[in-house]
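Structure record follows, encoded as structure tokens.
The values are calculated or read from the model by the stated rules, or taken from the named source; none is laboratory data. Values in this document were obtained by computation on a predicted structure and should not be read as measured data. Reconstructed Cβ throughout: ideal geometry from the backbone, glycine too, with neighbour counts over all protein chains shown.
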Amino acid sequence: MKSIPQVLAVPWGLCAQTPLVGLEVRRPLQDGAEVEIDGRHGAVLALPAASEVRFVGRRWREQPEGTAFPWIGDDFRLSALPTAALVSEQTIRVEIRANGQTLSTQLQLNHPLLRPRDNGPGQTIGDEGALTMQAFILQVLARIREAQNQLDAEASDGVETGWDRLRILWLKRRAQAQEAPRELIVDHAERLPTRVEDTAAHPRRVLKRTRELMAIDRIQELDNACIDWLIRQPGRSVAEKAGPRQRLRGIAREENLDTLENRVLKDFLRLSVEEGRIYVRANQRFGNTDRVRLVNRYLVLCRGHYRELSDLGIRNPVPPITPNYVLQQDARYRVIWRAYLELLRNQQREDDLWRWQRRLWADFARLAVVVALDHLLSRQRVAFSPLHIHNEQVNGRWSDTYPLLAMFVLKLSQRCLIVEVLDATLDIAHHALAPWLSMLGCTAVVQLTDYDSGRRASLCVWGVHGVAAEPLPLTDLVQSADEALRNAITHENLRTGQTMNIRGLVIRSTPAQAREFATQPAYLAYGITLDVDPDNIREALEECALILEESIGRLFP
Amino acid sequence: MNTFIGVDLNGVLDTVAGLDQKPRHAPAPPVVVTDTPQGTLTGMEALLSPFGRPGLAANVGQRTSVLELLGALTGNDSEAPHQVGQHLHSLLSGNSRGGCVIAVPDIPTFNERARDRLLGGASQADVNARLLWRPVAALLGWGAMLSDAKIQALHGKRACVLQLLPEGIAVSELDVECVEQDGRPTLVPVRRRDGLRKIHAYSKTGLSNLLAAEMSITDVRQLWGSAWAWNALLGRDAKPDLFPDSHSPSGWCIVEGFSTLQGEVARAISATIDKILNEKRSVLQNASIILIEGPLADASIKPRLRNAVSLSKWLQLKLVDQIAPANLIVAPTTEGFVARGCAVCAERQSKGHITYYDFLPMLEINVLRGGEYNFALLIDKNDRVEGGKIYSNTLADQFFIAQETKSLVFYLLKEDEKNARRSETALSAENEVKISLHVTQIPAQGHARVEIRPDVRGALGNTPILLDWAAMTEIAWSREQILFELSIQGIGYPDTLPQRAHHLIWERTAILDTINQFNACPIRERQYDSMIRQQHSGTLGRIGTRSSPSILTKGIDQDQHIYTAVDSDGHLPEGVSQEIIEAFDTFREKLGNDFTVTNKIVGSHRRIEQLARLGATFYTSCPNSIIAYYRRVVVPGVISPKLVLYAGRVLSNEQDLVRLFRYCASRYHDAYQEGKNLSWYIIRAAGDALAYREHAGEILDPELGDSLADAMLYVLRSEVGKRNFRQNRFKVAVRLSAFLLRHRMHPKHRDFLHLKSPNKRNSQRAKELLELLQEASNSGVLNAELKDNIDQIREHILYRGTNSIIDITVEDDDTDNDGDE
């Protein structure tokens, strides 16, 4: 291949060189070589535009980020890499095919935070950091999904679009708790308690037939083998043959509970408890609401029955599970089986959510930029992309929008600016988005045009999310972004002879809810953190709006 | 929680209101955006989206205004109903989609079809809707705010509703009644058949184009990108908007909006108001209540040099100035009278109360009464109907569907439609079924529903059979034309009756000997002439033998039909021997040659005529030389007119038949003018041609047909008058009257001899013919067969004929002197 594919530690890694907190911002990929990368911070591939990427041994699909851009005489593009959800995913084998050549490489993710799982109720595998991260990404998802929430009558006056709903819920939410979101576990808690109680309290038993020595008066059934045995016993009469203890071999029936359907029932209860705990943990602030209380009661029910079934010696099922007749046809177990499949699919979804949490954060950051700009007093709305939220993530994305996210007219310091907020991660770019900006790996680009002079500028926005208990310091990220911007400007200047007016904004996640700012004037980029907690998000967005205004102001001094 | 929801759907300021809820306006202007990456968008999401907006995403998606979609409901756009339905869906919340009432304009263009399409579109979008006339809704909404005393005082008064709509200003006249319901007086509008319902358009080009002109924009799409162009029309503050501008440094241009209209729109509205005040002055003066409402009521206009004022206020000032009405109510858009009135209607309907009174357009359907086709009322125009309730009626007339009937054809005439409609319904009746027609309709809810109900349930299947309006064909026929078409649906003429040949004629008579004798006799022989004399006659043994198998077998064969040696198509009968065929062919050839030779000899007229008569026994296989001779026979004054008797047998192609008919007609005209008898040979010849030749009826042109009809009547009249019912002249005339009916096949003369023909002369002929035939039939001197034939002919004239054969036996004697030679 003409240009060497790279793995980047930060989205702008292709344009930066200085290591970031000792971390190489980019590493070249060699055929047959193994590359170790710090798994805490996510990774991005930079590769030739015409190449195909395959994750060997995985069902993952490639997740392109943005359109192609010119790079060292070739066209390159960026592609997101997943975070490890399971231990086995710490090693990722990648094949990159381009121009008839294949590059096979192995990426070793070091120190990733894996998705916490319950080995049994109360036995969580995963440290506190992972649990906090899990709660955090569920919060982020909940914030995004609020674009399709129904509001109460008073609040819904004047609310016509998803953007309006976000604006109301993020910026004008009342302090008192609303209702917790409806998830699968809530649906189960509503529908299934009676069924669970009925089935788990009286699990299906099969009678196993065994041949045992038993007292004569206890024998009810004999088979040929018992009679053969009897014949062989010494003695002439049955009494003699019974021996001093007067015992003969007969058929005993033993109850057996360790059947496939009961193992599935037990695993179903385990998963229900795990889901319930995640739900309750993620919705602590709705502690007194009906849904959370309902799920708590359901949790207690499932936990209790899980223990009972464990005590009865029912083992865990071994995947993959092929349902038997009882699971498919029995009136009680059929319901349990369907609910179990729903939980397994949900686990799959949560794994996917964990893997692509960086893109989740980027999704949120894009929406936040639009809502923040819309909050500015000096803005006039021109257009908004429709905002729909998928029920399932699509290539790591939950929001469904047009490349032009929003358009405003902004009055700033006696200037009138035309502001276009563009999604820079879609593979179909808006005409206003310069291709070269894609090499910076932006989440969004705020394209600005001075109404009077026609002068143009761009504000690159990055949504940066690290899958680590301790995220990278914001100031270091901003410094690195600054270097990348300067290098990109120089590169483009050399290529086209034009001077680019461009600045950046890094929006970093903060699972621990710590607020940070990086607004040194010397840098081309600013940085902020955004808290997604419903109680804090308003303030966070107001700060974001101010920072955006300031950043825009710097582009048009 | 009440779910009585009303919708004012007008395309500019759509409003939704519940009974106790504040009216809620949809984003203005309402648009629907389709074909976007996110699917179809409605409401504010559609309005704010970049799709279909110049400079943003102009080529992505299709942005259509609801105003255009409402107009498209009257056309053929197949997507419009669905998109309107989606817009309605976005206006309403979940509960209210289960039942709402939508106001529709009460103007002729928004007809039943448009209302049907609107209901269909709403149903597709899971919105269960009923429709209500807009002026009725306005009065109901206003009435809901009145005190009981005030309502009672309005009983019997006349109201005029002036609706300021995007299409124009609509003027509607209604009456008002007070009806006690649930112990309280309620206002009940009455929509009268003769009440005024008219819309005065602002201009021919429409409001959108006027607005574009006022805003000086060339790209009409800019009107629908935001509320920028509509704020002034809605009485809102002006707001700027951003448009692409290739001439500006930034590529954009911020354009300030208008808060007041003072250009094209203001002038057009002002002119419309003046026109209404002029033309409808008497209506306005007669009205005790004038209600001004509409989505444009708050439009801020500045007509000429006046100050800016709202449109409703300005209209109010003009009315006060010129009409001084007793009760003038101006409804601002915030009140949502129409939407609220729809909610009131919904509530009353849920309780089974009277909402308003209405009428339905008269509907008629064709029936057969007393043997005559006519139109009967399915919906009587004098019936007053309760609004929202089902009007139903069953036609007193009943119909019979005969066994194996494949389809039923109905014609419907609707009062408010110019054209009639034709409906054809496929059926599968195994037995004869008696049916009745049942109609139901709800005012304002679309087309009437006409159901075919069998007397015996399930006789036509388990699914109700409805006359489907959408499948009906519009036909531009008048009532009379339809009745005429219906009257000619039956059998109006008999089948042809070719002359048939029979092998027994050859086997049981001496024809073959006669032919062989002729074949062996040279033309120069002395006995040639005596040999050919009278050979054409029908006497047994002669070449022209006419007999029946019954006679030839002395009663062993019961067949009494008269056969000849050669059929009228010139063919020998089946089953004759090869000897006969060869002798016949030789005979034919010799006859032709002999005729040709004889024709050259001067003074051999007698022989020529004999040979010509002999040639006629061949019918169409007559030798060509003799056919050529007969062509000269049918030219007036050329050859012996007696021979025309045989011309009808020999001549068969179109040109020859036309010559024959022209000759017959001219002979009649001559006889008529000279007051002489017309030879029955003429009548016979024409009758033969029409009876033997399938296409003769069509070849006859209308003028000739009429002439022949006159000729036939001329003879028939004379014979009936003399009561000569046994004479050949009479029979020949009757025979011609039967086969002359075949001229009805001519596409331009389908009303030939029709009693109800618009041509007076034609209908007189029919009448006279019927009378003459009736007189003959009643005479008591006819044999049974002839009487039966005459009765059949009468039925054919009345299009009630059957497929039975009309066979009237006539003689061939050409020695009979008719007196016109």
- Note on the structure: Per the list (1) away from chain B (no Cβ under 14 Å); (2) surrounded by fewer than 17 Cβ atoms within 10 Å (Cβ to Cβ), residue check on A:Gly441 breaks on (2)
- Which residues, taken from the stretch B:597-633, are more than 22 Å from B:Leu660 (Cα to Cα) and either free of Cβ contacts under 8 Å to residues at least 60 places away in the same chain or not in a helix (DSSP H, G or I) (or both)? B:Lys600, B:Ile601, B:Val602, B:Gly603, B:Ser604
- Note on the structure: Within the stretch A:348-403, restricting to residues that are touching a helix residue (DSSP H, G or I) at 6+ places or on another chain (Cβ under 9 Å) and of a type in the set (Phe, Trp, Tyr), the one that is surrounded by the fewest Cβ atoms within 10 Å (Cβ to Cβ) is A:Trp398
- Message: Quick check on A:Ala339: is it in contact with a Cys (Cβ under 8 Å, 6 or more places away or on another chain) and not polar (S, T, N, Q)?
- Response: no
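Taking into account only those residues within the stretch A:13-40 that are of a type in the set (Val, Ile, Thr) and at negative phi, which is modelled with the highest pLDDT?
Quick first cut of the stretch A:13-40, residues of a type in the set (Val, Ile, Thr) only: A:18, A:21, A:25, A:35, A:37.
Subset that is at negative phi: A:18, A:25, A:35, A:37.
Details: A:Thr18: 89, A:Val25: 86, A:Val35: 86, A:Ile37: 81.
Residue satisfying both the conditions and the ranking: A:Thr18.
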- Flag if B:Thr514 is surrounded by 15 or more Cβ atoms within 10 Å (Cβ to Cβ), more than 56 Å from the chain's Cα centre (by Cα) and either over 30 Å from B:His754 (Cβ atoms) or not assigned by TED's automatic domain parsing to the domain that holds B:His746 (or both): yes
- Considering (1) at the interface with chain A (Cβ under 10 Å from one of its Cβ atoms); (2) at pLDDT 90 or above, say which one B:Val12 fails and leave the rest. (1)
- Message: Under 7 Å between Cβ atoms, which residue pairs at least 6 apart in sequence (or on different chains) link something in the stretch A:200-213 that is under 11 Å from A:Glu255 (Cβ atoms) with a partner that is exposed (fewer than 11 other Cβ atoms within 10 Å of the Cβ)?
- Response: A:Arg205/A:Glu255; A:Leu207/A:Glu255
- Only residues that are among the small types (Gly, Ala, Ser) and either buried (at least 24 other Cβ atoms within 10 Å of the Cβ) or facing chain A (nearest Cβ under 10 Å) (or both): list them for the stretch B:19-34, please. B:Ala26
- Scanning the stretch A:445-493 for residues that are surrounded by 24 or more Cβ atoms within 10 Å (Cβ to Cβ) and without any contact (Cβ under 8 Å) to a residue 40 or more places away in the chain gives A:Val445
- For residues that are of a type in the set (D, E, K, R) and modelled with pLDDT of 90 or more, scanning just the stretch B:246-277, find the one that is nearest to B:Ala297 (Cα to Cα). B:Asp274
- Query: Got at least one residue in the stretch B:776-785 being outside the structural domain of B:Asp559 (by TED's automatic domain parsing), in a helix (DSSP H, G or I) and in contact with a helix residue (DSSP H, G or I) (Cβ under 7 Å, 6 or more places away or on another chain)?
  - Reply: yes
- Message: I need every pair where a residue in the stretch B:35-61 that is without any contact (Cβ under 8 Å) to a residue 40 or more places away in the chain and facing chain A (nearest Cβ under 9 Å) has its Cβ under 7 Å from the Cβ of a residue that is part of a loop (DSSP other than H, G, I, E, B) and aliphatic (A, V, I, L, M), sequence separation at least 6 or different chains.
- Response: B:Thr36/B:Val60; B:Pro50/B:Leu56; B:Phe51/B:Val60
- Filtering the stretch B:194-240 for residues that are within 14 Å of another protein chain (Cβ to nearest Cβ), buried (at least 20 other Cβ atoms within 10 Å of the Cβ) and not polar (S, T, N, Q) leaves a count of 3
- Please enumerate the residues belonging to the stretch A:410-433 that are assigned to a strand (DSSP E or B), touching a residue at least 60 places away in the same chain (Cβ under 8 Å) and at the interface with chain B (Cβ under 10 Å from one of its Cβ atoms). A:Leu417
- Message: So for the stretch A:331-348 (the condition being in contact (Cβ under 8 Å) with a residue 12 or more places away in the chain, away from every other protein chain (no Cβ under 14 Å) and among the hydroxyl-bearing types (Ser, Thr, Tyr)), does at least one residue qualify?
- Response: yes
- Task: Name every residue in the stretch B:194-216 that is touching a helix residue (DSSP H, G or I) at 6+ places or on another chain (Cβ under 7 Å), at pLDDT below 90 and either more than 29 Å from B:Val60 (Cα to Cα) or of a type in the set (Val, Ile, Thr) (or both), in order of residue number.
- Result: B:Leu196, B:Ser203
- Message: For the stretch A:147-184, which positions are at pLDDT 80 or above, within 20 Å of A:Leu367 (Cα to Cα) and not basic (Lys, Arg)?
- Response: A:Ala147, A:Gln148, A:Thr161, A:Gly162, A:Trp163, A:Asp164, A:Leu166, A:Ile168, A:Leu169, A:Trp170, A:Leu171, A:Pro181
- Those residues of the stretch B:550-596 that are part of a loop (DSSP other than H, G, I, E, B), touching a residue at least 12 places away in the same chain (Cβ under 8 Å) and aliphatic (A, V, I, L, M) come to a total of 5
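Among the residues of the stretch A:448-472 satisfying the criterion of being in a strand (DSSP E or B) and facing another protein chain (nearest Cβ under 8 Å), which is nearest to A:Pro116 (Cα to Cα)? First the steps, then the outcome.
First pass over the stretch A:448-472, keeping only residues in a strand (DSSP E or B): A:448-450, A:456-464.
This time we only want the ones that are facing another protein chain (nearest Cβ under 8 Å), so: A:449-450.
On the way: A:Thr449: 47, A:Asp450: 50 Å.
Top of the filtered list is A:Thr449.
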- Message: Only one of B:Asp106, B:Asp126 is in contact with a helix residue (DSSP H, G or I) (Cβ under 7 Å, 6 or more places away or on another chain), exposed (fewer than 15 other Cβ atoms within 10 Å of the Cβ) and not polar (S, T, N, Q). Can you tell me which?
- Response: B:Asp126
- Task: Determine which single condition B:Gly85 fails, assuming it passes every other condition in (1) buried (at least 20 other Cβ atoms within 10 Å of the Cβ); (2) within 12 Å of chain A (Cβ to nearest Cβ).
- Result: (2)
- Note on the structure: Note on the stretch A:411-431: residues buried (at least 17 other Cβ atoms within 10 Å of the Cβ), among the aliphatic types (A, V, I, L, M) and under 28 Å from A:Arg508 (Cβ atoms) are A:Leu412, A:Leu417, A:Val419, A:Val421, A:Leu422, A:Ala424, A:Leu426, A:Ala429
- Would you call B:Val433 closer than 22 Å to B:Leu118 by Cβ and among the hydrophobic types (A, V, I, L, M, F, W, C)? no
- Message: Given the options A:Val280, A:Val295, A:Val300, name the one that is in a helix (DSSP H, G or I) and surrounded by 21 or more Cβ atoms within 10 Å (Cβ to Cβ).
- Response: A:Val295
- Message: So, in the stretch B:2-50, exactly how many residues are of a type outside the set (Lys, Arg) and in a loop (DSSP other than H, G, I, E, B)?
- Response: 23
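Look at B:Arg726 and say whether it is outside any helix (DSSP H, G or I) and either over 43 Å from the mean Cα position of the chain (by Cα) or under 25 Å from B:Ala784 (Cα atoms) (or both).
Against the criterion (outside any helix (DSSP H, G or I) and either over 43 Å from the mean Cα position of the chain (by Cα) or under 25 Å from B:Ala784 (Cα atoms) (or both)), B:Arg726 qualifies.
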- Message: Checking the structure you have, find out if any residue of the stretch B:595-608 is at pLDDT 90 or above and crowded, with 19+ Cβ neighbours inside 10 Å.
- Response: yes
